[in-house]
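Colleague: To start, I am sharing the structure in question, which I have written as structure tokens.
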Amino acid sequence: MVQLDPGPCLWSLPDPAGAEPGQDVIAIGADLAPSTVFEAYRRGIFPMHLGNGDLAWWSPDPRGILPLDGLKVSRSLRRSMRRFSVSVDRAFVRVMRECANERRESGWITEEFVDTYTELHRLGWAHSVEVWRGDRLVGGLYGVEIGGLFAGESMFHRETDASKAALVALVEALTACGGARLLDVQWRTDHLASLGAVAIPRAEYLSLLDRALGSSPCLGSGT
């Protein structure tokens, strides 16, 4: 998939390196234009609305990442994965809509988010990993890839271990590409920690991001 220029960012986005330690929200406002969101990821920040509806820009401190060589795959998960088949970018919008399902708790993916990331997908910057049981979509994840950064945004499952299978497939694909890779998971949750996610200081994250941006993309082919 060729990556196309999303255009110039019309906003002056903040440098997270200047944020106070432990400060997660570093700006409020701007918009969800693809060019804005693209530039945000390059700077190490991402969008998410606050509870009052304001659009906020986040740089969690500490930041959750999943080191590719730290992935934990249990024997039971390996057995579960035999039931599934995996694809990439076969059903991006379907994966996003499953992740945005209003029946899920703490849903934050609005229709505007779907539109923005669908456009980034069309431009070659956003990707999905789908997990299938036969011809039925049972799990998946999506995120943004810029250079060696893959910023994971959300995942879902309709069968046990299906979202974990998507993450394992992503890690294996990124590992096979080589180069400096950074798999950003935003926050270290208990669920992600069970798969090997760790929390690191913001300064360390930004240093890893700087290195990763110099690598070639894995899922997108570049221009």
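Colleague: When 1/r is averaged over all different Cα pairs and the result inverted, which Kirkwood radius in Å belongs to the stretch 1-100?
Modeller: Details: mean 1/r = 0.0596 Å⁻¹.
One over the average 1/r among Cα pairs gives 16.8 Å for the stretch 1-100.
Colleague: Apply the Kirkwood formula to the stretch 16-61: the hydrodynamic radius equals the inverse of the mean of 1/r over all pairs of different alpha-carbon atoms; give it in Å with one decimal.
Modeller: Values: mean 1/r = 0.0930 Å⁻¹.
In the stretch 16-61 this quantity evaluates to 10.8 Å.
Colleague: No solvent, one uniform scatterer per C-alpha: report log10 I(q)/I(0) for the chain via the Debye equation at q = 0.15 1/Å, two decimals.
Modeller: The Cα Debye sum returns log10 ratios of -1.00.
Colleague: Among TYR142, TYR41, which comes first, second and so on when ranked by fewest other beta-carbon atoms within 10 Å? Walk me through the numbers before you get to the answer.
Modeller: Values: TYR142 28, TYR41 22.
Arranged by neighbour count, lowest to highest, TYR142, TYR41 become TYR41, TYR142.
Colleague: Hey, another quick one. Expressed in nm², what is the orientationally averaged projection area of the convex hull enclosing the Cα positions of the stretch 39-153?
Modeller: Working: hull surface 35.2 nm².
Spelled out: convex hull of the Cα atoms, projected over all directions, averaged, 8.8 nm².
Colleague: On to the next question. Enter the angle in degrees (range 0 to 90, nearest 10) between the Cα long axis of helix 202-212 and the first principal axis of the Cα atoms of the chain, meaning the one along which they spread out most.
Modeller: Helix 202-212 sits roughly 70 degrees off the main axis of the chain.
Colleague: To the nearest 20 Debye, how big is the dipole of the stretch 72-146 about its Cα centre, given +1 on the beta carbon of each Lys and Arg and -1 on that of each Asp and Glu? Kindly include the intermediate steps, with their values, before the conclusion.
Modeller: Working: 14 positive and 11 negative charges, 183 e Å.
Roughly 880 debye for the stretch 72-146.
Colleague: Give the list, by residue number, of cysteines in the chain with no other Cys Cβ closer than 4.7 Å, or say none.
Modeller: Those would be CYS9, CYS99, since no other cysteine Cβ in the chain comes under 4.7 Å of theirs.
Colleague: Here's something else I'd like to know. In percent, what relative contact order does the chain have, based on Cα pairs under 8 Å that are 6 or more apart in sequence?
Modeller: Numbers: 425 pairs, mean separation 59.1, N = 223.
After rounding, I find 27 percent.
Colleague: Could you give the length gained by full extension between LEU50 and ILE28, i.e. 0.36 nm per residue of separation minus their alpha carbon distance, to one decimal place?
Modeller: On the way: separation 22, 0.36 × 22 = 7.92 nm, distance 0.91 nm.
Computed gain between LEU50 and ILE28 is 7.0 nm.
Colleague: Between ASP5 and THR189, what is the label-point separation in nm under the 7 Å Cα-to-beta-carbon projection?
Modeller: Rounded to a tenth, the inter-label distance reads 3.8 nm.
Colleague: Could you work out how far helix 34-43 tilts from the main Cα principal axis of the chain, as a 0 to 90 degree angle to the nearest 10?
Modeller: 90
Colleague: Modelled label-to-label distance, SER85 and ARG97, 7 Å Cα→beta-carbon offset: nm?
Modeller: 2.2
Colleague: Give, rounded to the nearest 20 debye, the magnitude of the charge dipole that the chain has about its Cα centre when Lys and Arg contribute +1 at Cβ and Asp and Glu contribute -1 at Cβ. The partial results should precede the final answer.
Modeller: On the way: 23 positive and 28 negative charges, 248 e Å.
Dipole of the chain, to the nearest 20 debye: 1200 debye.
Colleague: Also, I was wondering about something else. Helix-only mean residue ellipticity at 222 nm, the chain, DSSP H runs n ≥ 4 weighted -39,500 (n - 2.57), per residue, nearest 500. What is it?
Modeller: -9000 deg cm²/dmol, from helical runs alone.
Colleague: With a 10 Å radius around each residue's Cβ, average the other Cβ atoms per peptide and rank 208-215, 171-178, highest first. Let's see the in-between values first.
Modeller: Numbers: 208-215: 16.8, 171-178: 14.9.
Answer by packing, highest mean first, reads 208-215, 171-178.
Values quoted throughout were computed directly from the atomic coordinates according to the rules given, and no laboratory measurement underlies them. Owing to the predicted nature of the structure, the values given are computational and were not obtained by experimental measurement. Here the Cβ is made from the backbone with ideal geometry for all residues, glycine too, and neighbour counts use every protein chain on show.
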